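The values are calculated or read from the model by the stated rules, or taken from the named source; none is laboratory data. This one's a predicted model, so the numbers in the text were calculated from it and none came from an experiment. Here Cβ is always computed from backbone atoms with ideal geometry, including for glycine, and neighbour counts include all displayed protein chains.
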């Protein structure tokens with residue numbers, strides 16, 4: 001037997017190959033363990049992705065603050081909109097994470113939402129990141145998703 005929390009533990013093949021209730025139970029147990037392991041791996045990947053997404057605007061914010069510290073009063077005034085924009089981006093990212101958490105927790109009462117505003121925001125952000133390139137997003141049909149109620 002394996003220690004608790006070890007999700008890749010599988011029942012012996014002889015038990016899982018049986019054609020009675022114990023065999024079905026062993027097969028279901030093995031499938032459940034594999035599914036749990038997959039879900040935990042997905043959650044860990046999500047946390048890594050979220051961490052990366054939050055670090056990018058935070059790094060830009062720190063750079064802008066460092067520039068503001070060294071700048072003259074006039075130059076500082078020019079940096080304030082950038083600082084505000086980066087703070088707004090961080091707040092928006094955190095809000096999106098919270099919405100995602102609510103969607104996950106309350107998927108049963110999901111309602112359809114329009115993703116077009118999100119796509120337009122992504123297009124604007126991409127355009128800011130690459131001002132010399134034309135960024136175009138085209139949807140051939142309505143972009144919607146299902147989201148839980150807050």
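Annotations for the structure displayed:
- Test result for residue 90, over 20 Å from residue 118 (Cβ atoms) and either more than 24 Å from the chain's Cα centre (by Cα) or in a helix (DSSP H, G or I) (or both): no
- Scanning the range 103-144 for residues that are farther than 27 Å from residue 64 by Cβ, at pLDDT 75 or above and in a helix (DSSP H, G or I) yields a count of 1.
- Note on the range 1-41: residues that are surrounded by 12 or more Cβ atoms within 10 Å (Cβ to Cβ), at pLDDT 80 or above and within 36 Å of the chain's Cα centre (by Cα) amount to 12.
- The range 64-102, residues that are surrounded by 13 or more Cβ atoms within 10 Å (Cβ to Cβ), over 18 Å from residue 124 (Cα atoms) and out of contact with any helix residue (DSSP H, G or I) (no Cβ under 8 Å at 6 or more places or on another chain): 99, 100, 102
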